[in-house]
Amino acid sequence: METILLLAHVEAGGSLAKSAREALHAARVLNKAITGSNLFVALVGESVQAAADSIAACPATKYFGVVGAEFAQSRYSTDAAAAESLCKAAQATLVVAPATSRWNRVLPGVAQRLGGRVDSHVTGISDAGGKPAVNRWYYRQRMEAALTRTQRPWFILIDPGSQAACDCGAGAAAVELVAVNPAQAGQRTTVLGIREPKADAQTIRPDAPLLFVTGAGWTKKQADGRTRVAEAEKLILDFLKVTRASLGSSKSLVDLGGEGQAVLPFLSHLNQIGQTGATPRHAKGLSTCCHGEEPHTVGWRFIGERRAISLDPNCGWARGKADVLYVADAFAVVAKVNELLAASPAPAPGV
Ligand SMILES: Cc1cc2nc3c(=O)[nH]c(=O)nc-3n(C[C@H](O)[C@H](O)[C@H](O)COP(=O)(O)OP(=O)(O)OC[C@H]3O[C@@H](n4cnc5c(N)ncnc54)[C@H](O)[C@@H]3O)c2cc1C
């Protein structure tokens, strides 16, 4: 009989992140598909009661927790020891966890300790003739595979944004606390704090409905023979301000900075979309001043509706990679869109 364990870490304030609720949704899909399976929840953090209570109306029948100040921060030794103890306490055969950076680096090692197997970047759960199967993409999101495994425990890391978040309500959960062997939970690493960009400098917004992508065209000589980088910068920042879109870039544009050319200062390689960049998930995407070449557009795999603005009617977007291509000057189009959005009484975020 399969025992499915949702394994999550709680956030700094004691809540559960959306990615944890998405993993819970996936665990529930498995639970429904496998007749007679158990669904349990295991949480790690300084305190887990509030997080457990927040999902207490879900069909899980047992809750386990590892708690303590040493489990508040991400640290390999304490996280691995906590996850190992929880999996043993629950006697889990299928461990479903959100693919956060914290779990991604720890759970493959835990799978090894427990003699199990792990699959990362899982984007779907399916039924392969009565057996649980997971879906994931290969070769930079060009091919999708469905996998089954006989080895247990099987750790399944669910990519954030790939599932609906479980909307089960709150209640009172009886959490069984699990002790961790202190010898295993060594603490040679001390977390001193977190350095992160200021909120207004943070242009990558995974939860935004719209992805706005800039290409090298913004920095190229325009019809009048001049570059217009300062104007491009203002147009792009104004657009982001009114739409709260997430900002992506082509590789060429972020590479230009390393080559000492005039570029947009708020872009880094973290914004790059594509084969050697990110594959974000957004309902809509708008590409501007970008050619739409294959290595770039593989990063658009999980964008629901794709539109592009380019001067070149023969670019990659025109050859079937965009749902709608506007053959137009992006400077003029974005200036007009910004003007309309600013005049609109309540600009909808991510329009
Ligand atoms: C192994 C490998 C991996 C790669 N990985 C990635 C990756 O992960 N991500 C990525 O992005 N690329 C990647 N590339 C590079 C990719 O192939 C392209 O070279 C790159 O994406 C092109 O960037 P671009 O469209 O911004 O620039 P360009 O090719 O220079 O195109 C600029 C476009 O802007 C348009 N334009 C100019 N002015 C205007 C205007 N006023 N209005 C509207 N349009 C205008 C032009 O018509 C042109 O189409 C990879 C390449 C290789 C070989």
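Tell me whether segment 151-221 comes out rounded, prolate or oblate; compute the Cα gyration tensor, take square roots of the eigenvalues as a ≥ b ≥ c, and use a/c under 1.5 as the rounded threshold.
It is prolate, given that a/c is not under 1.5 and a/b is the larger ratio.
In whole Hz and in residue order, list the ³J(HN,Hα) couplings for segment 277-294 that follow from phi through the Karplus curve 6.51 cos²θ - 1.76 cosθ + 1.60, θ = phi - 60°; x for Gly and Pro.
Ordered by residue, 3J(HN,Hα) equals x, 8, 10, x, 10, 8, 5, 9, x, 10, 9, 10, 6, 9, 7, x, 6, 3 Hz.
Among I156, V327, L286, pick out the residue whose Cα is farthest towards the positive end of the charge dipole of the chain, where Lys and Arg carry +1 and Asp and Glu carry -1 on C-beta, about the Cα centre.
The residue sitting farthest along the positive end of the dipole is I156.
Considering the convex hull of the alpha carbon atoms of the chain, report its projected area averaged over all viewing directions, in nm², one decimal.
Across all orientations, the chain yields a mean hull projection of 20.3 nm².
Can you compute the modelled spin-label distance between A12 and K88, with each label point 7 Å from Cα toward Cβ, in nm?
3.2
Taking a quarter of the surface of the convex hull around the Cα atoms of segment 1-109, what do you get in nm²?
About 6.0 nm², averaged over all directions.
Around V106, what is the net charge, scoring Lys/Arg as +1 and Asp/Glu as -1 over all other residues with Cβ under 10 Å from its Cβ?
Combined, the nearby Lys, Arg, Asp and Glu give +1.
Apply the Karplus curve 6.51 cos²θ - 1.76 cosθ + 1.60, θ = phi - 60°, to the phi angles in segment 31-38 and return the couplings in whole Hz, x for Gly and Pro.
My calculation for segment 31-38 gives 4, 5, 6, 9, 4, x, 6, 9 Hz in order.
Sorted by accessible area with a 1.4 angstrom probe, largest first, how do T35, T288, T100 fall? Kindly include the intermediate steps, with their values, before the conclusion.
Numbers: T35 135, T288 0, T100 25 Å².
Ranked list, largest accessible area first: T35, T100, T288.
Quick one: ranking Y139, Y63 by accessible area, 1.4 Å probe, largest first, what do you get?
If we order Y139, Y63 from most to least accessible, we get Y139, Y63.
Each residue of segment 114-120 in turn: what ³J(HN,Hα) in whole Hz from Karplus with 6.51, -1.76, 1.60 and θ = phi - 60°, glycine and Pro shown as x?
Per residue, the Karplus-derived 3J(HN,Hα) values read 9, x, x, 9, 9, 10, 9 Hz.
What does the accessible area of M143 come to, in Å² to the nearest 10, when a probe of 1.4 Å is used?
110
What's the Kirkwood radius of segment 247-351 in Å, using all Cα pairs?
This gives a value of 14.6 Å.
Mind grabbing the accessible area of S54 for me, 1.4 Å probe, Å², rounded to tens?
Approximately 40 Å² of S54 is accessible to the 1.4 Å probe.
Please compute the alpha carbon radius of gyration of segment 129-264, then divide it by the globular-protein estimate 2.2 N^0.38 Å. Two decimals is fine.
Ratio of Rg to 2.2 N^0.38 Å for segment 129-264: 1.65.
Put +1 on the Cβ of each Lys and Arg and -1 on the Cβ of each Asp and Glu in segment 68-216; which of Y139, A99, A216 then has its Cα farthest toward the positive end of the dipole?
Looking along the dipole axis, the top candidate is Y139.
Would you please state which residues of segment 211-249 a label at A283 would reach in this model, taking the label point 7 Å out along Cα→Cβ and a backbone N cut-off of under 14 Å?
Residues 211, 244-246 qualify, since their backbone N sits under 14 Å from the label point.
Over the chain, with a Gaussian network built from C-alpha contacts below 10 Å, which listed residue (S15, S85, S101) shows the highest mean-square fluctuation?
Looking only at S15, S85, S101, the largest GNM fluctuation is found for S101.
R0 = 22 Å: FRET efficiency of D53 with V191, Cβ-based, nearest 0.05?
The computed FRET efficiency comes out at 0.25.
Quick check: at a probe of 1.4 Å, how many percent of the accessible area of the chain sits on carbon and sulfur atoms?
53
Taking the DSSP beta bridges in the chain as the whole, what percent of them are antiparallel, to the nearest 5?
20
Please report, in debye to the nearest 20, how large the charge dipole of segment 101-166 is about its Cα centre when each Lys and Arg carries +1 at its beta carbon and each Asp and Glu carries -1 there.
Around 280 debye, computed over segment 101-166.
What is the ratio of the Cα radius of gyration of segment 109-168 to 2.2 N^0.38 Å, with N the residue count, to two decimals?
Rounded to two decimals, the normalised Rg is 1.20.
Probe radius 1.4 Å, ligands and nucleic acids left out: which of R113, R307, R142 has the largest accessible area, and how do the rest follow?
On the way: R113 105, R307 80, R142 60 Å².
Largest accessible area first, the residues go R113, R307, R142.
Rounded to the nearest 20 Debye, what is the dipole magnitude of the chain about its Cα centre when Lys and Arg each give +1 and Asp and Glu each give -1 at the C-beta?
It works out to roughly 520 debye.
Considering amide H positions built from the backbone, and no H for Pro or chain starts, which residues 5 or more places from Y326, or on another chain, come under 5 Å of its amide H?
Those qualifying (amide H under 5 Å, at least 5 residues apart or on another chain) are A308, I309, S310.
Per residue, how many Å² of accessible area does the chain show with a 1.4 Å probe?
That works out to 48 Å² per residue.
Identify unpaired cysteines across the chain, taking unpaired to mean no other cysteine Cβ lies under 4.7 Å from the residue's Cβ.
C87, C166, C289, C290, C315
Report K251's accessible area, 1.4 Å probe, all protein chains in place, as a number in Å² to the nearest 10.
Accessible surface of K251 is approximately 100 Å².
Enumerate the amide H contacts of V95 below 5 Å, restricted to partners 5 or more residues apart or on another chain; note that Pro and chain-start residues carry no placed amide H.
Those qualifying (amide H under 5 Å, at least 5 residues apart or on another chain) are L5, W154, F155, I156.
Charges only on Cβ, +1 for Lys and Arg, -1 for Asp and Glu: so what's the dipole of segment 182-221 about the Cα centre, in debye to the nearest 20?
In debye, rounded to 20, segment 182-221 gives about 240.
Quick one: helix 76-90 against the long Cα principal axis of the chain, what's the angle to the nearest 10°, folded into 0 to 90?
50
Hey, what number do you get for the chain at 222 nm if only DSSP H runs of n ≥ 4 count, each worth -39500 (n - 2.57), divided across all residues, to the nearest 500?
About -8000 deg cm²/dmol.
Just grab the label-to-label distance for L340 and V229, each label 7 Å out from Cα along the Cβ direction, in nm (one decimal).
3.1
The values are calculated or read from the model by the stated rules, or taken from the named source; none is laboratory data. It should be emphasised that the depicted structure is a prediction, and the values quoted were computed from it without experimental measurement. Backbone-built Cβ (ideal geometry, glycine too); neighbour counts: all protein chains shown. Only protein heavy atoms, including side chains, enter the accessible area calculation; ligands, DNA and RNA are left aside. Shrake-Rupley method; radii C 1.70, N 1.55, O 1.52, S 1.80 Å.
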